[in-house]
Each structure stands twice: as C-alpha cells, then as structure tokens.
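Notes for the one structure printed next.
The values are calculated or read from the model by the stated rules, or taken from the named source; none is laboratory data. From a predicted model like this one, the values you see are computed outputs, not experimental measurements. Reconstructed Cβ throughout: ideal geometry from the backbone, glycine too, with neighbour counts over all protein chains shown. Accessible surface areas use protein heavy atoms only, side chains included; no ligands, DNA or RNA. Shrake-Rupley method; radii C 1.70, N 1.55, O 1.52, S 1.80 Å.
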Amino acid sequence: MSDLSKTLQKWNASFRKGTDFDSWGQLVEAIDEYQILARQLQKEAQTPSNSSDFSEDQKKTIGKISTCLELRSAALQSTQSQEGFKLEDIKKLEPILDNLLTYNKEFPFDVQPVPLRRILAPGEEENLEVEEEEEEGGAGVGSPDSLPARVPGAIQGTLLPRLPSEPGMTLLTIRIEKIGLKDAGQCIDPYMTVSVKDLNGIDLTPVQDTPMAARKEDTYVHFNVEIEIQKHVEKLTKGAAIFFEFKHYKPKKRFTSTKCFAFMEMDEIKPGEIVIELYKKPTDFKRKKLQLLTKKPLYLHLHQTLHKD
C-alpha cells in the first residue's frame with residue numbers, strides 16, 4: 001500500500017470514528033476526533049505543491065472538509081447547536097473523503113479553507129530562522145512599515161463556548177488581558193494558542209486560538225478575550241497545566257512563529273487576577289527545560305472566574 005493510500009485510509013478511519021462518537025452522543029470524544037482530523041487536513045491543505053501528493057483542487061477540497069469539521073466541533077459545544085453544522089451535514093462529506101482522488105463535483109457547502117498561512121509546530125521554526133535577539137539585545141531591525149505587503153487574512157480565532165454545567169463540578173473561564181513584551185509594537189497579527197496538557201504534553205481538551213490581539217500599546221499587547229476551558233476542573237488529571245503560546249506573523253519568513261509561552265498549573269487555579277512568567281520558545285509542554293524569556297518585569301496578565309453549580 002502506498003503512503004498516499006495509507007494517509008487516505010487513516011483519514012477515513014478517523015472521520016468514521018468521529019461520526020460514530022457523534023451519533024452515539026459521545027460529544028467530547030467526537031469533538032476531539034473532529035479537531036485532530038481537521039488539523040491533519042489543514043496541514044495537508046497548506047503543504048506546498050512540490051511537497052504534496054495532492055493536486056491544488058484536491059487540496060482545496062481537503063481544506064473545505066477541515067473547515068466543516070471545525071464547524072461541527074463548534075456546533076457540538078454550542079447551546080444553540082440546532083442552528084449550527086449538523087451531523088447529517090458532516091455525513092455528506094464521507095463519500096467525498098472516500099473518493100478524494102476522483103471527486104470532481106461542486107462542494108456541498110459554501111465554506112472556504114483556512115487562509116493560506118504557514119503555522120509551524122512548536123520548535124519547528126527553530127530550523128528555519130536564526131534565534132531571535134536575546135533579551136538584552138536591541139529592538140528588531142526595521143519597522144512594520146518597511147515590511148513587504150501581503151494579502152490580509154485576519155485570524156478569527158477558534159474559541160469554544162462554555163461547557164454545560166454539572167452539579168458539583170467547576171468550570172473555568174480565563175480572560176487573557178495583556179502580555180508584556182519589549183518589542184510589543186513590532187508584533188504582526190499576534191494571537192494566543194491555549195491548550196491544556198498532561199505531564200507528558202498530551203492534549204486534555206481541544207486547542208483554542210484567540211482572535212488577533214485587540215491593540216498594542218507601549219510594551220503591551222492587549223487581548224481582553226475570554227477562554228472557556230473545555231473540561232471541568234475536577235476532571236483535569238494531576239499535574240496538568242494550561243499553556244498560553246504567543247504567536248505572531250513574520251512576513252519576511254512567511255510563517256507564523258511562536259515567540260514565547262507561559263503556563264498555569266492546577267494549584268494556581270483560583271478566582272481573580274494572576275500574573276505569570278514568560279518562557280523562551282520552543283514550547284516545553286513537559287516543563288523539563290524552562291528558560292525565562294526576560295529578566296525585565298514583563299508577564300502574561302490573566303483573570304480567572306470559576307463557575308460552580
């Protein structure tokens with residue numbers, strides 16, 4: 001069996017697994033499966049032509065399927081899911097994925113792939129760029145005005161709604177207020193990726209991206225956006241942590257890079273304001289080799305709200 005056939009077989013198995021969970025009412029499992037597959041498809045859709053086994057039209061179809069999976073995942077967590085993307089809609093994609101190499105009909109839904117933008121895994125950008133200037137170094141060379149023009153593609157975010165409440169269980173809302181950076185004003189299209197990981201760096205909840213930051217001012221990038229953690233606090237495993245990766249676009253390199261990260265451990269979950277330290281990339285989800293980003297008093301500012309029935 002060729003690598004291409006194995007890839008298609010893997011995608012189809014994942015798709016059926018997700019729809020099975022969905023039809024059985026196992027919504028958390030369905031969401032996880034849909035999001036994992038959506039990210040795999042998105043990655044393939046953004047692969048350069050000379051590195052992909054798929055044609056450009058096939059990659060557009062792959063990207064649209066990824067968008068539909070994200071829409072169904074969001075609908076499953078919405079209190080108004082009857083208005084969102086339905087299971088019967090998702091099932092219409094199965095024959096398309098099954099026959100991806102020969103499919104030549106019009107796509108059944110008016111959706112678009114995620115705008116083309118290279119999003120690298122944590123640490124992957126280390127192979128492509130010289131390490132950014134150290135904390136004591138000067139400001140970045142040039143100004144945003146001198147950078148080459150590009151097609152606008154504002155990041156809308158992939159934030160999820162709050163889970164339904166359960167008796168005796170606690171839900172956590174985290175408002176990302178601002179992050180302090182010495183070169184805050186030079187960050188282009190900054191946003192945060194929020195994830196909950198166990199001690200081995202395995203995802204415990206779906207990963208969420210914020211929209212682009214609200215504004216930049218002095219040494220701060222302001223977000224003022226709320227994240228709903230997609231698991232009751234009592235169900236988080238011992239040693240888990242909530243990670244915040246600050247990402248920004250690099251026009252000269254044409255990819256989105258992780259600049260720094262922060263994390264919050266379970267004993268830090270309590271109502272009110274919290275300020276946490278920033279660490280140098282690559283993101284260390286296992287928290288083994290942490291290195292502070294700066295000695296200056298620059299941090300990630302958060303506000304926590306606990307909801308309990």
Item to check | Probe 1.4 Å, all protein chains present, accessible-area order of I36, I276, largest first | outcome: I36, I276
Checklist outcome for this item: Taking a crude spin-label model, label points 7 Å out from Cα along the C-beta direction, the L306 to E265 distance in nm is 1.8 nm
Checklist entry - So which of K231/K295; K60/K92; K92/K231 end up more than 22 Å apart by C-alpha? => result K231/K295; K92/K231
Next on the checklist: For the pair E226/N50, report the inter-label distance in nm, with labels modelled 7 Å from Cα in the Cβ direction.
Outcome noted: 4.9 nm
Next on the checklist: Which residues among the stretch 61-78 fall inside the zone where the amide N is under 13 Å from a point 7 Å beyond the Cα of S23, along Cα→Cβ?
Outcome noted: none
Checklist outcome for this item: Here D for the stretch 185-308, in µm²/s, from Stokes-Einstein with a Kirkwood Rh over Cα pairs at 10 °C and 1.306 mPa s, works out to 104 µm²/s
